[in-house]
Each structure stands twice: as structure tokens, then as C-alpha cells.
Amino acid sequence: MLKDIDDRELPLLDHLIELRNRLMYSAGAILLGFLVCYFFAEHIFAFLVRPLSDIYEGETGRRMIFTGLTEAFFTYIKVAFFAGAFITFPFVAAQLYLFVAPGLYRNEKQAFLPFLIATPVLFFLGGAMVYYFIFPLAWQFFLSFETGGADGTLPIQLEARVSEYLDLVMKLIFAFGLAFQLPVALTLLGRVGIVSSAGLARNRKYAIVMVFVVAALITPPDIISQIGLGIPVILLYELSILAVRLVEKRRAEEEAAGEDAHPVN
């Protein structure tokens, strides 16, 4: 069935119908993921709070608060939506591929599939890094500003709001997840000839500056989060140079093979 979809040529109306169907399938999958995750929203939120609760371990009187009547409810709605979108992303990406596949040559389809697989994997790696490495260090840094109070002063203690905590967590997870897509983006650009490995290597110093500028803009104003995002992205930039170099080598081999197959008289 997929072979028939890939190989046929569709008129404009059929393309629009195909696009509508793919969008409906994607929206239905996200809705289903949202409904499933809503039943586990409390457990998912508890998982996101665990880096903070681990720092609080052994202390009494620690809590999270909400100051609006609907704040906790809508926080769980957001948790369910983010989790549902995350787990259904591979299906949505597959729908995108099935829509564009009829316009691709067979070798282009084979080249596109690795990027389709690498995208969610790299996003997951970025999210895992921020959860297991950045969160504990950053939360410890922020909590270091608490004071126990002394004679004539009041103690300063954190009572995090559930909505603000979720917004910060999701911002960091998406920032790291998207930043980890750098090898995919640069390799695709290299494949179509927009960038080259030599150009990427030559502009390395500008890329490093840009990485830390972007890290400063999309992360909280602490050095841990900024360095925690900047260093992995720089390493991914170096990996991208190698990936683009391999793409260029393979393209040169294919061009050479084509010239051998069709020699000029």
C-alpha cells in the first residue's frame, strides 16, 4: 500500500485531500496521546519535580503551591499536552514523511529516513541531559540563595508555584531538545549544498560565540544552564562538520560513478 502511495502521481486536489488526511491523523494521534497522558498527569508532573524533591530529601515542611484556583488544573492540562505531543511525535513525523514521499526520488527517500529517525532520538537525548544533569545543578544553585534568617530578619525560602516550575522545566527541555537538532539541520543543509564542511570549520569561532549568545537567551540567567547547553551544542557542531564531510564524500563518489557510467565522447 505504501509503495502505491509513493509511486503514484497525484493531481492538486488529491494532494490537498492527502494533506488533510495526514493532518487529521496527526491531530487525532496527539489528542489520543493527550487523553492517555491526562490520566497519568499527576505521575508525570511528579517525575518532572523529582530533581527538586531529591534536593529536599530529608527536609520537612517543603512543598509546592498554587495561587490561582485553576492553576493546578491547567498545569496538569499542560503536562498532558506536552507528554502527549512528545510520545506521538514519531507518528506525526511519519505522517509528514508519507505526505512528501510521493515527490521524492527513491535515493532521496533513502537519504531522508535516517534524519526522520535521528530527530526524535536527538530530542530525547537533549531532554534526558537537561533532566539528569542540568536540573540537579541548576536547582541546587538557585536554592543556594535561601537564608535561614537571624536576629531581626526573616528566613528566605523557596515555595515554588506548580505552573512556574512546569513552564521553566518545559522551556529547558524544549531548548535542549531543539538545540540537539543541530546535526540534523546542518547535515540536511550540507546535502543540498547550502553549507560545506570547510565553511563550517572556517566559521567555527563565530559559531561558538553564537551558541553561547543563544544559550544565554533561552536558558535561565545562571551560568550552569548556559554552559550546560553551550558545550554540548559545540560538540554537536563538531559532529555536524564530520557528518557534512561524509555527505560531501558520498556525493562526490556518486557523481564519479555517474560519470563513469556515462563517459563523455
Checked against (1) under 29 Å from Ile134 (Cβ atoms); (2) over 24 Å from the mean Cα position of the chain (by Cα); (3) surrounded by 13 or more Cβ atoms within 10 Å (Cβ to Cβ), Leu182 satisfies every condition except (2)
Filtering segment 34-83 down to residues that are closer than 20 Å to Ala175 by Cβ and in contact (Cβ under 8 Å) with a residue 12 or more places away in the chain yields Ile44, Phe45, Leu48, Val49, Pro51, Leu52, Thr75, Lys78, Val79, Phe81, Phe82, Ala83
Restricting segment 116-140 to residues that are over 19 Å from Arg50 (Cβ atoms) and of a type outside the set (A, V, I, L, M), the one surrounded by the most Cβ atoms within 10 Å (Cβ to Cβ) turns out to be Phe123
So, first residue β-branched (Val, Ile, Thr) in segment 148-166, second residue at pLDDT 80 or above and in a loop (DSSP other than H, G, I, E, B), Cβ within less than 7 Å, six or more apart or across chains; the pairs are Ile156/Glu146; Val162/Met64; Val162/Phe66
The number of residues in segment 115-161 that are over 28 Å from Ala72 (Cβ atoms), assigned to a helix (DSSP H, G or I) and out of contact with any helix residue (DSSP H, G or I) (no Cβ under 9 Å at 6 or more places or on another chain) is 1
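The values are calculated or read from the model by the stated rules, or taken from the named source; none is laboratory data. On a predicted model such as this, the values are computed, not experimentally measured, just so you know. Positions of Cβ are backbone-derived with ideal geometry, glycine not excepted, and every protein chain shown enters the neighbour counts.
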